[in-house]
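Below is one structure; the comments refer to it alone.
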Amino acid sequence: MSWTAAALLDRWIDAGRAGEAVGRDEARAIVADDRLALLGLIEAAGQVREAHFGRDVLIHQLHNVQSGACPEDCGYCGQSQHSEAPIQAYRLKSREEIVAEAQRAKDNGAYRYCMVLSGRGPSDEEIDHMAACIAEVKSRLGLRTCLSAGLLDEGKARRLADAGLDRLNHNLNTSERHYEQICTTHTFADRVNTLAAARAAGLDLCSGLIVGMGESFEDLIDVAYRLREFAVPSIPVNFLVPIPGNRVNDATLQGRPLTPQMVLRVLCLFRLVNPTAEIRIGAGREGHLRSMQALALHPANSLFVDGYLLTRGSATRDTIAMIIDAGFEVRLDGAWPAELEQFVAQLKAGGSGAFDIDHSGEVIRDDRRRQRNARLGEAPATLRVNGTPI
Ligand code: SF4
């Protein structure tokens, strides 16, 4: 790294620690200038992240409460009626189903219950239904609630806020300039108005984008600054997951395919333009970052996982292991389920103690193996090479 680049990064670190954004030309350099070495950039973004969030990684889970049959034509979305993607569509779930799912999420380590409705925006009846669900999830389970429900006016946002909704998720998705390329049935202004209505109703905002929908670097930078104008505290950065049957399914940025290095630069851009915001790695994490996922924890401080935290053998457990292995801390605001605590303690203990060999020869990572062996009255399995214990 040249002295100039080092000085530039030092300046960005100082600005970021003070909550200030890099300038627009600097933002452009972050994504477009290969002379800015990626590792130096990640280190700078990581220092800004640490100044505001330490080494914590927040884990989020999403729960669809209604899927498919949406009249809008968002080209990236399989739930649109205009998409030919084969998805499982279902009606809005009942209050009993939603509360039961929230209970299960709580039992599995969630502190926040994030509900997602497909559709342009909820009807009055749907607002009443969701308000009743939110009130019950809050009062009975004590979970924080987050809702993604499409376009809202201030009246509907207030009804949800009055029911106890904590946060509305509504992504800007892309720039105003590029918006028509991805959707023609509503506008960028409609999205901005929904954010304004939610803010006026006193709701926390969560708003981000989808990267890789054929936009330019300038579009990307526009979104980063629009979110800063709104002082959005939580920014999910999704990367387009190409789905056959969707109109937008190329995953390109500035005319080039997304690469893990570019994904990391994009995350650094959002960190350095929005230093104090929660930057969350959203959809496409595994597919677009591949083996570089752990590096993304330096600019980003939260991520989405599929499935429940305690599901054995799930990708979620692997994600938790990645966080610990990279020297970060898993953060759950709620009570930690004992099993998850044990799992994390076991990972932190490190070494081969976290592994065992199953009778099939498969490596398993499960602290319950001793209980299993004791229950079966068996000696722990031994790893053998050509029949010889090692
Ligand atoms: S409004 Fe939402 S559910 Fe409907 S097509 Fe657009 S992104 Fe998909």
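The values are calculated or read from the model by the stated rules, or taken from the named source; none is laboratory data. Quantities reported herein were computed from a predicted structural model and do not represent experimental measurements. Positions of Cβ are generated from backbone atoms using ideal geometry, with glycine treated the same way; all protein chains shown enter the neighbour counts.
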(request) Report, ordered by the first and then the second residue, all pairs with beta carbons closer than 6 Å, sequence separation of six or more or different chains, a first member in the stretch 102-123 that is under 16 Å from residue 146 (Cα atoms), and a second member that is surrounded by 22 or more Cβ atoms within 10 Å (Cβ to Cβ) and basic (Lys, Arg). (result) none
(request) Report the residue count in the stretch 1-57 for those that are assigned by TED's automatic domain parsing to the domain that holds residue 226 and of a type in the set (S, T, N, Q). (result) 0
(request) Report, ordered by the first and then the second residue, all pairs with beta carbons closer than 9 Å, sequence separation of six or more or different chains, a first member in the stretch 281-294 that is polar (S, T, N, Q), and a second member that is assigned to a helix (DSSP H, G or I). (result) 291/260; 293/260; 293/285; 293/286; 293/319; 293/322
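Which count do you get for residues in the stretch 65-104 that are outside any loop (DSSP other than H, G, I, E, B), more than 8 Å from the ligand (Cβ to nearest atom) and modelled with pLDDT of 80 or more?
We begin by selecting, within the stretch 65-104, every residue outside any loop (DSSP other than H, G, I, E, B); these are 67, 70, 80, 90, 95-104.
When the remaining residues are screened for being more than 8 Å from the ligand (Cβ to nearest atom), the result is 67, 90, 95-104.
Now narrow it down to the ones that are modelled with pLDDT of 80 or more: 95-104.
Qualifying residue count, the stretch 65-104: 10.
Listed residues 209, 205; which is surrounded by fewer than 24 Cβ atoms within 10 Å (Cβ to Cβ) and not hydroxyl-bearing (Ser, Thr, Tyr)?
One residue alone meets the criteria, 205.
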(message) For a quick check of your reading of the model, give me the residue pairs whose first member lies in the stretch 145-157 and is over 21 Å from residue 70 (Cα atoms), whose second is assigned to a strand (DSSP E or B) and modelled with pLDDT under 90, with beta-carbon atoms closer than 6 Å and at least 6 apart or on different chains.
(response) 145/113
(request) Residue by residue through the stretch 46-64, note down the ones that are part of a strand (DSSP E or B) and hydrophobic (A, V, I, L, M, F, W, C). (result) 57, 58, 59, 62
(request) Consider residue 175 carefully, then state whether it is among the polar types (S, T, N, Q), free of Cβ contacts under 8 Å to residues at least 60 places away in the same chain, assigned by TED's automatic domain parsing to the domain that holds residue 253 and not in a helix (DSSP H, G or I). (result) yes
